[in-house]
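Laboratory data are not the source of any read-out in this text; all were calculated from the coordinates shown. This one's a predicted model, so the numbers in the text were calculated from it and none came from an experiment. Here the Cβ is made from the backbone with ideal geometry for all residues, glycine too, and neighbour counts use every protein chain on show.
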């Protein structure tokens, strides 16, 4: 389920990206299959969804609590599924306890 539904938000937030999967055929050719769509968000859009600052999004990304990618040296894109999972996990009081089970 996408995090963003309205048409106005569709203009503000980046859309989906569908990576291609190459499957070798054995005769030196490849079959190209579409991958699973991945929704990517700018840090600003992610901060708006999470109701926090852009700097908090950067801290969560660098701490490894949310995943994303770096399309260039100076930019990151946050995976919407990762942000949604973090927001769901952080609603649980156990998430904030100092005791972490390994």
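Structure summary
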read-out: Cα-based Kirkwood hydrodynamic radius, segment 11-91, one decimal, Å; value: 14.1
read-out: Packing rank of 68-76, 88-96, where each peptide gets the mean count of other beta carbons within 10 Å, highest leading; value: 68-76, 88-96
read-out: Potential extension, residue 31-residue 56 segment - 0.36 nm per residue separation minus Cα distance; value: 4.9 nm
read-out: Distance (nanometres) between label positions extended 7 Å along Cα→Cβ at residue 73 and residue 38; value: 2.2
read-out: Relative contact order %, segment 57-102, counting alpha carbon pairs below 8 Å whose residues are six or more apart; value: 24
read-out: Spin-label model distance (nm) - residue 94 vs residue 22, 7 Å beyond Cα toward Cβ; value: 4.3
